[in-house]
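Taken together, the values in this text are just the output of simple stated rules run on the coordinates, not laboratory data. Not measured: the values here are computed from a predicted model. Virtual Cβ from ideal backbone geometry, glycine too; neighbours counted across all protein chains shown.
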Amino acid sequence: MDKKLKVSEIAARTGLSVSTVSRVLAGKANTSARARQRVLECARELGVMEGIAAGRMLLNNLVVFAPQRAFDERTDIYYYRVIQSINSALMPHEVHLRYCALEENDSDANLFLQRMHEASTQAAILLGIDDPHIHDLAADLAKPCVMINCHDAGMRLPSVAPDHRLIGQFAARYLFEMGHQAIMNVMCLRRYTMELRLLGIKQAWRARNLSFAESRDLIDVANFSARDTEEKVGEWLDQRGDGPLPTAFLVGGDFMAAGTIAALQKRGLRVPQDISVMSIDGFNLAAIQDVPLTAVHVPRDELGVEAVHLLQQRLIRPDAPHGALLLHGTLAVRDSVRRVPVGSLRGGGAARAPAVPPLKRRGYMTINQPFPARAYRGYLNHPA
């Protein structure tokens, strides 16, 4: 049956005009919500929804709710680019995109409901909104909603996000495979997604029978800025004095990696000759002029594209099961991580290692000594 016959049949079954049915199936907004619902229900019964899914969006207006910083490239380049990717994915479908700023937590529920109840709002995307009350409200509304980089604990809303735990695990495992055993982690843990990355890092350590102690193996920075990271890492390096140093830093963002590298260089340490630096981010490489950064790229542009696809599927199959789509990262190998030869010393750039026999060096051992693997994580006089 061709398209015209389908439109005519839907019109006959619903009692609506052919032009109204055509406008609904074309995703036009100039139809009533009730007429639109009747047309879509009939189209599903006739099995024509899948046939039109690839060619058009079944809506005309969409609202993106996100933290205020997401709308300014200077305050959150990652979320800003995700919003750009949503816009790019919708452009071929001529969908009108609007924006509304909400707090990540303790969001303004009245503002959310006001925007969602507007006649022009046909669907929504929640980007980085962690307030469970907003999630509950979105799930109770009869309008499709998809979440990006956040999750609904009630399991009623579909979502797409980077697989933060696996990305962290992969990054740590890469450094281990490059021969590094003494790794210092530099993270900003202001959001649960960063906690998931740290969880993945810890899992990679456990897989190597290495103990992870946050007091020893983690530098927690309040934000993702290069300046604050440089200050924090610099303080940690100065406290080490002449003690052994890690062979690598695993850093939770490119700007943080820039700050880490600056702190190392100001103390006469070269990257990667003395200490390697790896980032979990990999997009803002212009911030690092002289050291091409090895990194695990966290999905960014893909989030917007996949969110639009999820939204389309919700429009076609509103009763389909909900789920969470977790996207993998990609490894970009550049120049900031060197391979550590087997048998190199646990703990320390060559520039700081005293020229004395390995087992008599002040409280640390060589990797190939016959001790339990977890002992390698700390100096002999360091708590495990």
Mind giving me the FRET efficiency for S120 and D335? R0 is 56 Å, r the Cβ-Cβ distance, nearest 0.05 is fine. 0.65
Can you list residues whose amide H is under 5 Å from L102's amide H, if they're 5+ apart or on another chain and H is modeled 1.01 Å from N? A66, Q68
Stretched out fully, how many nm does the piece from F71 to R206 gain, at 0.36 nm a residue minus the Cα gap? 44.7 nm
Considering the convex hull of the alpha carbon atoms of the stretch 150-203, report its projected area averaged over all viewing directions, in nm², one decimal. 4.3 nm²
Counted charge near N110, where neighbours are those whose Cβ lies closer than 14 Å (Asp, Glu -1; Lys, Arg +1): -4
In nm, to one decimal, how far is the D319 label point from the H151 one, both placed 7 Å along Cα→Cβ? 2.8 nm
Going by how many other Cβ atoms sit within 10 Å of their own, how do L62, L25 line up, fewest first? L25, L62
Residue order, fewest to most beta carbons within 10 Å, for M187, M278, M194, M155: M155, M194, M187, M278
The exposure ranking of H328, H180, fewest beta-carbon neighbours within 10 Å first, is H328, H180
